[in-house]
1. Identify the GluC sites (Glu not before Pro) of segment 85-194 meeting these criteria: DSSP loop state and at most 16 other C-beta atoms within 10 Å of the C-beta.
2. Calculate one ³J(HN,Hα) per residue across segment 138-145 by plugging θ = phi - 60° into the Karplus curve 6.51 cos²θ - 1.76 cosθ + 1.60, and present them in order as whole Hz with x for glycine and proline.
3. Tell me which residues come under 5 Å, amide H to amide H, from Y209 once H is placed; ignore anything under 5 positions away on its chain.
4. Please compute the modelled spin-label separation between T45 and L232, points set 7 Å along Cα→Cβ, answer in nm with one decimal.
5. Given segment 73-239, report the % of alpha carbon pairs whose separation exceeds 21 Å.
Amino acid sequence: MTRATRGEKAETIRSVDVQEAVRAVRASSRRRQLLDAAVAVMGRTGFHQMSMQALADEAQVSVGLFYKYFGGKEEILLAAIVDILETFRDQLTPAMDLAGDDPVVRLIAGFRQYTTIVDENRDAVVLTYRESRTLDADGRERIKELEVETSAPMREAITAGMDTGSIQEVDADLAVFDMMMLAHGWALKHWHFAPPAGAQRAGRSSAPYELDTYIGAQLRFLLPALVVPDRLDEYLAQI
């Protein structure tokens, strides 16, 4: 094989690799478009009233394109729920690693990132609570597995804090799921905590929260139950 022939072959391989990468990006982008449309439609009508035509209209694509990516409504629902859980799983550890080695600081960073993801995906979080019971047994088991995976980094931070003496002896599993529930509350009760500008809500006793103030308020609620008393002020000052 001549040098020119080898060069042409290498160029052909690079061209194929680029084409495959472009196709993968387009497929991922299209799938994201379809899932976003599904979350929007299910948020308005619920899963059982959702039609494939409504999904196609929302995404401005053909019904056939949905079937190219998903086998049916149940598969779309599972994909939408798995998508948000995988976002939690994939983004939590990098955010905590940026915070350094201190277990409490890592835990604070984890809760902050988790709640931020909730804010960015409020409709999908509400959908997970409302419609996950519709899934079959295998789907529900997959959701449970992902929730455990998602909680692992914050659970590990709590355990590490107990080992180093900065966190009190607590049930790490219970504590981390309590934290996740408080984060989910930003989506589930967003109508109350962050109403539209100028809106008045019956029974409100405080001003509406922004995301950062909600996170700070919840951390000030959580940390006294977790951090050893002689270090509590140190960590509260970092919120």
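Coordinate-derived values only; no laboratory data. What you are looking at is a predicted structure, and each value in this text was computed from that prediction instead of being measured. Neighbour counts are summed over all protein chains in view; Cβ atoms, including those assigned to glycine, are modelled from backbone coordinates with ideal geometry.
1. Numbers: sites: E86, E120, E131, E141, E145, E147, E149, E156, E169; in loops: E169.
Hits after loop and neighbour filter: E169.
2. For segment 138-145, the Karplus curve yields 5, x, 5, 5, 4, 5, 4, 4 Hz.
3. Long-range HN contacts for Y209: A194.
4. Calculated label separation equals 5.2 nm.
5. Values: 6949 of 13861 pairs.
Pairs farther apart than 21 Å: 50 percent.
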